[in-house]
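One structure is given below, encoded as structure tokens.
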Amino acid sequence: MRAFPKKIILCLICFFLFPASGQARPGLSANNAVLIDQETGELLFEKNAHEKQSVASITKVMTAIIAIESGKLDEVSATSRRAIYTEGSSIYLEQGEKMTVEDLVYGLMLRSGNDAAVAISEQIGGSVEGFVYLMNEKAEWIGMQNTHFDNPHGLESPTHYSTAYDMALLLRYAMENKTFQKISGTKMHKAENRTYSWKNKNRLLTEKYKYCTGGKTGFTKKAGRTLLTSAKKGNKALVAVTLNAPDDWNDHIQMFEWGFSQATSAMKPDQGGLLAEDAVSLVFRILRVNR
């Protein structure tokens, strides 16, 4: 009987268990990045995943999900002076202007309105400070262990920070909510009292990647470009995060394509793969034939 070297046997087992995907691991522009499986939470790819960083407007995913879960989307908010004088990106609310919380959440997610973030906070939390308390309580409940929020919009503050991993946990949680899915995945929205529509700033969703299902963009000078997105291909759904990423659109496409290409070690036979015990059995059948 011809003996087979152990290396050949191991190579055969690995070949059937872990077939080559043809995709190299992503080489990213981002300082921090994470890719997770949306269903299981499995960490598929990471780069400085647990490093605390400024996260800019991807903060607003937390603002949105709290507003949605409050059950107050039909309530009407009268815009305060504090809201209209919030710096940065805006949906150009006017003092005293009335808008439903639902439309404010669309303005928050699609146009990244900092004024909308403050208006939502005051309506849901009674004040910005009260709402921020809710944000940090929610972060702790989700398991975001390296996160602290100081505001609902993501403008810079010394103690406003998160990590790529924590933000992935946040979007994974938010995407379980059907209303959040709908708003986050909307390309255009017209508020009831506006004559024009808002176009989503997430270009991965609107033009660059057909499998994208939602997400949120962000930018400040300190944080750089931040991006939090989700995508689905077939039955596989993924969540990607990049922080301080000059080429964030391509970073996310790379991560998603790599993630979707990966075979798992426990694929079902009807998916074109082999269970572990089937692979080992097949190897031994090959060895018997070649005796």
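Contact list please: Cβ distance under 6 Å, first residue in the range 22-38 and within 23 Å of Asn235 (Cβ to Cβ) and part of a strand (DSSP E or B), second residue at pLDDT 95 or above and of a type in the set (D, E, K, R), pairs at least six apart or on different chains.
Val34/Glu46
Any idea which of Thr163, Thr159 is surrounded by fewer than 20 Cβ atoms within 10 Å (Cβ to Cβ) and either β-branched (Val, Ile, Thr) or touching a Leu at 6+ places or on another chain (Cβ under 8 Å) (or both)?
Step by step, each of Thr163, Thr159 is checked, and only Thr159 is surrounded by fewer than 20 Cβ atoms within 10 Å (Cβ to Cβ) and either β-branched (Val, Ile, Thr) or touching a Leu at 6+ places or on another chain (Cβ under 8 Å) (or both).
For residues in the range 194-204 being farther than 11 Å from Leu110 by Cα and either surrounded by 13 or more Cβ atoms within 10 Å (Cβ to Cβ) or among the aliphatic types (A, V, I, L, M) (or both), which is nearest to the chain's Cα centre (by Cα)?
Going through the qualifying residues, I end up with Leu204.
Enumerate the pairs (first residue in the range 244-265 and within 13 Å of Cys212 (Cβ to Cβ) and surrounded by fewer than 22 Cβ atoms within 10 Å (Cβ to Cβ); second residue anywhere and aliphatic (A, V, I, L, M) and at pLDDT 95 or above) with beta-carbon separation below 7 Å, excluding pairs fewer than 6 apart on the same chain, so at least 6 apart or on different chains.
Hits for this filter: Trp249/Leu204.
Per-residue answers, yes or no, for (1) of a type in the set (A, V, I, L, M, F, W, C); (2) under 22 Å from Lys221 (Cβ atoms):
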site: Gly27; (1), (2): no, no
site: Leu35; (1), (2): yes, no
site: His50; (1), (2): no, no
site: Ser80; (1), (2): no, no
site: Ile84; (1), (2): yes, no
site: Tyr106; (1), (2): no, no
site: Val118; (1), (2): yes, yes
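Assess whether Ile91 counts as being more than 17 Å from the chain's Cα centre (by Cα), outside any strand (DSSP E or B) and under 21 Å from Gly185 (Cβ atoms).
Yes: the conditions hold for Ile91.
Within the range 89-138, which residues are surrounded by 20 or more Cβ atoms within 10 Å (Cβ to Cβ) and of a type in the set (Ser, Thr, Tyr)?
Within the range 89-138, Ser89, Tyr106, Ser112, Ser121 qualify.
Could you tell me which residue of the range 1-57 is farthest from Gln254 (Cα to Cα), considering only residues that are modelled with pLDDT of 85 or more and of a type in the set (Lys, Arg)?
Result: Lys52.
Take the range 171-193 and flag every residue that is assigned to a loop (DSSP other than H, G, I, E, B), surrounded by 13 or more Cβ atoms within 10 Å (Cβ to Cβ) and either touching a residue at least 60 places away in the same chain (Cβ under 8 Å) or not basic (Lys, Arg) (or both).
Met175, Asn177, Gly185, Thr186, Ala191
The values are calculated or read from the model by the stated rules, or taken from the named source; none is laboratory data. Owing to the predicted nature of the structure, the values given are computational and were not obtained by experimental measurement. Quick reminder, even Gly has a Cβ in these numbers, built from the backbone with ideal geometry, and neighbours come from all protein chains shown.
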